[in-house]
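Here the structure comes first, spelled out in structure tokens, and everything after it is commentary.
Nothing in this text is a laboratory measurement; each read-out follows from the coordinates by a stated rule. Fair warning: this is a prediction, and the values are worked out from it, not measured in the lab. Positions of Cβ are backbone-derived with ideal geometry, glycine not excepted, and every protein chain shown enters the neighbour counts.
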Amino acid sequence: MKIKMKMKNLKLLPVLFIASLLFIACSNDDDATPLPVNEEEVITTLTVTLTPDDGGTPIELQTRDLDGDGPNAPVITVLGNLNAGVTYNGNIILLNETVNPAENITTEVEEEAEEHQFFYTIGDGLDATTTYTNFDGNGNPLGTQFTLITGAVSSGNITFTLRHEPTKPNTGLVDAGGETDVAATFNVIIE
């Protein structure tokens, strides 16, 4: 009788083992706090307004891509030329125009300043420099506001690039890492 009892217990051992694995696998993980998902912003329109310190007429640079990755190229507009030897106060507005009314993404970018940074790339031939004028909570550049100082009469490109989750601090776009949320290149003239 003892031998039959041991055999019966041995036969139940694999069943108990599998049942314990299932019990462990189905444990409740709801106690753990899930990591917040920070989805990338939908940005259809980037507008850069450059207002001269001397009170002159503002210059507007805009790229608008309402179909995103669709077949239509972005519409790029440059309204006005820059003047030589002038300091411009720059302001960048980002919109999602796939919704009505359009959503101002700039607000979200500024609220998440530690996770974003604009970079300004001045192309060869354009005599201009830029300086950040707004920063995140750690004192690192954000760049939705900046100054642009023009030099001599010239022409060339300026590219505005918004990076999501860049390394901060950094020495520029080359070592910033992160992912590009939006990038736009404008051909500008300094007269």
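Taking label points 7 Å from Cα along the Cα-to-Cβ direction, Thr167 and Asp53 give a separation of 3.4 nm. Across the stretch 118-131, coupling constants 3J(HN,Hα) worked out from phi with the 6.51/-1.76/1.60 Karplus curve, θ = phi - 60°, read 8, 10, 10, 10, 8, x, 4, x, 8, 8, 7, 10, 10, 9 Hz, and Gly and Pro carry x. Database remark: amide H of Leu126 closer than 5 angstrom to the amide H of Asn157 (H placed geometrically; neighbours at sequence offset of 5 or more, or on other chains; Pro and chain starts carry no H). Residues in the stretch 93-110 carry Karplus couplings, in order, of 10, 10, 10, 10, 9, 7, 10, 10, x, 4, 8, 7, 6, 4, 4, 5, 4, 5 Hz; the curve used is 6.51 cos²θ - 1.76 cosθ + 1.60 with θ = phi - 60°, and Gly or Pro positions show x. Assuming a ≥ b ≥ c are the square roots of the Cα gyration tensor eigenvalues, decide whether the stretch 64-191 counts as rounded (a/c under 1.5), prolate (otherwise, with a/b larger than b/c) or oblate. Oblate, since a/c reaches 1.5 and b/c is not below a/b.
Each peptide in 153-160, 52-59 gets a packing score, the mean of other Cβ atoms within 10 Å over its residues, and the list from highest to lowest is 153-160, 52-59. Between amide H atoms placed 1.01 Å from N, distances below 5 Å from Val182 occur with Leu162, all of them 5 or more places distant or on a separate chain.
Shape verdict for the stretch 59-114, please, from the Cα gyration tensor: rounded (a/c under 1.5), prolate (a/b greater than b/c) or oblate. Because a/c hits 1.5 or more and a/b fails to exceed b/c, the stretch 59-114 counts as oblate.
Karplus-based coupling profile of the stretch 86-91, in residue order and whole Hz: 10, 9, 10, 8, x, 9, with θ = phi - 60° in 6.51 cos²θ - 1.76 cosθ + 1.60 and x standing for Gly or Pro.
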